[in-house]
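Heads up: the structure comes next, in structure tokens.
Any read-out appearing in this document is the output of simple, stated calculations on the displayed coordinates, not a laboratory observation. Remember, it's a predicted structure, so these values are computed and weren't measured experimentally. All Cβ positions, glycine included, derive from the backbone under ideal geometry; neighbour counts span all protein chains shown.
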Amino acid sequence: MNPVIPMPVASNPLQPARPPAAAPPLSYLVGQDGEGHWVALEAGGRAGGIFRTRRDAIRYACDESGCRPDDVRLTADPIPFRLT
């Protein structure tokens, strides 16, 4: 009986060797809109939401940004926010 010799498997040239790098975390601005609703808005305006409390807005922004220092900023100025 012949012994089983493990053989390396050729990699698929169509698959990337490494997974693509994750997108960098987004920065968020948290404050109130002109009507007094708590808002968390991504710096580029591509993501965000309206929240019941300041704490909820901060929690969302922190979760989305990875809670890195300076990625969540509070503002006293009204944040213009539109649902489109």
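Quick notes on this one:
- Proportion of all alpha-carbon pairs of the stretch 22-84 beyond 13 Å (%): 55 percent
- Of the GluC sites (Glu not before Pro) in the stretch 34-66, the ones in a loop by DSSP (not H, G, I, E or B) with at most 14 other beta carbons within 10 Å are 35.
- For the stretch 28-74, the relative contact order comes to 37 percent (Cα pairs under 8 Å, sequence separation of at least 6).
- Ordered by the number of other Cβ atoms lying within 10 Å of each residue's own Cβ, fewest first, 82, 54 fall into the sequence 82, 54.
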